[in-house]
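The structure under discussion appears below in the form of structure tokens.
The values are calculated or read from the model by the stated rules, or taken from the named source; none is laboratory data. Note that the structure is predicted; figures quoted are calculated from it, not measured. Positions of Cβ are generated from backbone atoms using ideal geometry, with glycine treated the same way; all protein chains shown enter the neighbour counts. For the accessible areas, the whole protein counts, side chains as well, though only heavy atoms, and no ligand, DNA or RNA atoms are used. Shrake-Rupley method; radii C 1.70, N 1.55, O 1.52, S 1.80 Å.
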Amino acid sequence: MCKSGEVSFKQNADDVPVRVSVVISVLAWLALLPLISLELELELELDSMAMQRAQDGSCLHALVFVYSLCWVCSVGFVVGQTGQLSVDASSQNARKIPDKMFGIFFEEINHAGAGGLWAELVSNRGFEAGGPNTPSNIDPWVIIGNESSIIVGTDRTSCFERNPVALRMEVLCGSKGTDACPSGGVGVYNPGYWGMNIERRKVYKVTLHIRSSDAVSLSVSLTSSDGLRKLASHTITGSKKQFAKWTKIEFHLKSSQNNTNSRLQLTTSRSGVIWLDQVSVMPFDTYMGHGFRKDLASMLANLKPQFLKFPGGNYAMGNYLRNAFQWSETVGSWEERPGHFNDVWGYWTDDGLGFFEFLQLAEDLGASPVWVVNDGASQNEEVSTATIASLVKDVVDGIEFARGGPNTTWGSVRAAMGHPEPFKLDYVSIGNQECWMLYYRGNYQKFYSAIKAAYPGINVISSCDKSTISPSNPADLYDVHVYASSSDMFSRTSMFDNTPRSGPKAIVSEYAVTGDDAGKGTLVAALAEAAFLVGLEKNSDVVEMASCAPLFVNDNDRRWSPDAIVFNSWQNYGCPNYWMLHFFKDSSGAMLHPSSVQISNYDQLVASAITWQSSQDKSSHLKIKVVNFGSKAVDLNISVSGLENGIKSSGSKKTVLTSSGALDENSFQQPQKVAPVSSPIDNAMQQMGVSLGPYSLTSFDLLLEPSKLHSTM
Ligand code: AHR
């Protein structure tokens, strides 16, 4: 017997419960024997007792049935199955998986960007979240002091044209006398997005714009959440003349302590009127210095994503067009960006994470940007084809912003932002999922023609089904979104098996298990998605790209579950499906080999096999992935044929994603409860006996001899 996923034939711990349950079942049958003989004796009793006998007999039959059922159940849930996995690793039968097969889809949902990946610590930094009219709500800013010492409101005196609202603080108290301000002064504080994470010895860049009716003495501090403990502080001072006009102030704060729930305070004990606008606190230490929260961006980089689709989802469309993502409002200096209300997911975004930053993120991750443009539709409205021209032009301008030379109109804006080199934008998705809408196809045609005329090399993605695409309604790719229960997702392993092999390929840009057994990210959901991805690998002649949805959730504002990565202001963890994606990160551009599973009476196993080469050390690997979506352990005989270069005797490993319960999830308390565990395979061979636990994803990564790499890799 093959055991324990080790290639040597050792005792498997999984056998123990199997044997125990068999012993229990046999004992149960032995215990039943007297009852069965009693039943036989009853058969011989007098007719007068027939009624009674019949009743006793049925009771006993029922008992026997229940026992039998228990036995079947007890054995059924733990007894292993035996199966065969055959892999044809010959180069002549291999097929290359597309280079951009697995990527990520970032949507501004669940505070994924604002208060998430975008590292800005101040929420509502421009005081615009309450709308353009004043007086307006200044949430989450809070006043320090009471009406007798300070009056705080908003007016439209900002120096930023597209961003007119400013904060006005009328300080009634002073430094001494009967009107003396309370100790520590009066002013406002900003708690950030559910508390700012301030770290000891780290440096924070503070920027703010200030105007005053009098001389200024304004203390700017990072403090504990109650304001009592100062972590870092700086006082802005200046004469009345100096601040008579809007003045930009920038300085650095270095924290003396750690505090995961800090706030920014702006306080004074000097009477007069002070206006504030565009107040920012950015950590210095961000991913590649480009403003992305380092821990979260690193989690993305670790997936080796080959593309980055952005900015939505429904976020790209808006509930209403006035609230849709408009790329041109999100570029240029951050102070000039008006920000907008993300009405689909119910929160304000300052648009610090704008079009430029998305392109930058893609570049930093080594991923191809896939820009989802608004096609003239929101969730509730639609622009007709007769009036779509200005939006079409806007999208072509957006492409120029990304790809145009630094001397072009929009390319020069990008260059002024510090990126004279064009970004490699090769994919534009026309809309999100609006094919069913009245004007979609008409509008699509306009976008397609204009984009192709200006940028023939751009791949245009349609939201319509493959069957609708034709020479008169062309598309380079068509977008597919799949949301399903875990069993349904598992069965979609074969979703593309019968898709016509010619014509445009699919980008499955949103897929996820949803519903009860998805929870906030369960093991079983991750396994179902793994099986689905195995199906995509096998159908990667008709599926070009795939990404899960959604990617991020700030635990303080969960608008959609499940999500791949959970975080708060200072912590993060990957859900089981985040870890599952790691099993596929070597697949893009790898060689897919035919593989087949033979196993009787058990249809819960799917597998794939690839060979891939490490870009770092050029080592070659045969990776066999097996999803066991069922409750039974499986002893699997793996047989690899056709390998041109042998398997090295050492350096191979097995990685397993599983847990004791199919519905297990990770959490801040147990971030690694469901996470991959790797162990060396001591004696890797082309014929191996391995064991697969119930509800598991296992990868066998077999290190190949370097000398005989086949040329197709
Ligand atoms: O991923 C969450 C939402 O699901 C997306 O915004 C939308 O495109 C889909 O319906």
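Per-residue ellipticity at 222 nm from helix content only, as computed over the chain with -39500 (n - 2.57) for each DSSP H run of at least four residues, stands at -6500 deg cm²/dmol. In this structure, the pairs whose alpha-carbon distance is over 20 Å, taken from K202/K230; K538/K618; K466/K585, are K538/K618; K466/K585.
Can you tell me the accessible area per residue over the chain, all protein chains present, probe 1.4 angstrom, in square angstrom?
Per residue, the chain has 41 Å² of solvent-accessible surface.
Looking at segment 469-537 alone, DSSP beta bridges between its own residues are antiparallel in about 10 percent of cases. One quarter of the convex hull surface built on the alpha carbon atoms of segment 130-276 amounts to 8.6 nm², the projected area averaged over directions. Once the convex hull of all Cα atoms in segment 230-321 is built, its volume per residue stands at 209 Å³. Which distance in Å, rounded to a whole number, links the C-alpha centroids of segment 554-596 and segment 449-515? Answer, in whole Å: 21. Close amide-amide hydrogen proximity is noted between D351 and H340, each under 5 Å apart and 5 or more residues distant or on a separate chain (H modeled in the peptide plane; Pro and chain starts excluded).
Please state the shape class of the chain: rounded when a/c is under 1.5, otherwise prolate if a/b exceeds b/c and oblate if not, all from the C-alpha gyration tensor. Prolate, since a/c reaches 1.5 and a/b exceeds b/c.
For segment 287-396, applying the loop criterion from DSSP together with a ceiling of 16 other beta carbons within 10 Å to the GluC sites (Glu not before Pro) yields E381. For the pair T408 and Q92, the difference between a 0.36 nm per residue extended length and the Cα-Cα distance amounts to 109.0 nm.
Taking every DSSP beta bridge that has both ends in segment 353-481, the antiparallel portion is near 20%. For segment 582-681, applying the loop criterion from DSSP together with a ceiling of 12 other beta carbons within 10 Å to the trypsin sites (Lys or Arg not before Pro) yields K618.
The trypsin sites (Lys or Arg not before Pro) of segment 181-234 that DSSP puts in a loop, and whose beta carbon has at most 10 other beta carbons within 10 Å, are R201. The Cβ shell under 12 Å around K240 holds other residues with a net charge of +3, Lys and Arg each +1, Asp and Glu each -1. Accessible area of C181 (1.4 Å probe, protein heavy atoms only, ligands and nucleic acids ignored): about 20 Å². Note on the chain: with neighbouring protein chains present and a 1.4 Å probe, carbon and sulfur make up 54 percent of its accessible heavy-atom surface.
Considering only Cα-Cα distances, which of the following residue pairs are longer than 30 Å: K254/K673; K100/K653; K424/K520; K205/K241? Write down the numbers at each step before the final one.
Numbers: K254/K673 36 Å; K100/K653 26 Å; K424/K520 35 Å; K205/K241 26 Å.
Those over the limit are K254/K673; K424/K520.
Quick one: grab the alpha carbon gyration tensor of segment 141-211, order the square roots of its eigenvalues as a ≥ b ≥ c, and give me rounded if a/c is under 1.5, else prolate or oblate depending on whether a/b is larger than b/c. It is oblate, given that a/c is not under 1.5 and a/b is not larger than b/c. Taking Cβ atoms as reference points and 9 Å as the exclusive limit, the residues near W345 contribute a net charge of -3, counting Lys and Arg as +1 and Asp and Glu as -1. Give the cross-link partners of K240 among the lysines, using a straight C-alpha distance below 20 Å as the criterion and excluding same-chain residues fewer than 8 apart. Hits, sequence-local ones excluded: K176, K248. Seen from Y602, the other residues with C-beta closer than 12 Å to its C-beta sum to a net charge of -1, counting Lys and Arg as +1 and Asp and Glu as -1. If a/c stays under 1.5 just call it rounded; otherwise compare a/b with b/c (prolate if a/b is bigger, oblate if not). Do that for segment 448-570, with a ≥ b ≥ c from the square roots of the Cα gyration tensor eigenvalues. Because a/c hits 1.5 or more and a/b fails to exceed b/c, segment 448-570 counts as oblate.
Within a straight-line Cα-Cα reach of under 17 Å, K446 can be paired with the following aspartates and glutamates, leaving aside sequence neighbours fewer than 8 residues apart in one chain: D375, E382, D394, D397, E434, D476. What residues of segment 341-365 lie in the reach of a label at N133, counting those whose backbone N is under 18 Å from a point 7 Å from the Cα along Cα→Cβ? The answer is 341.
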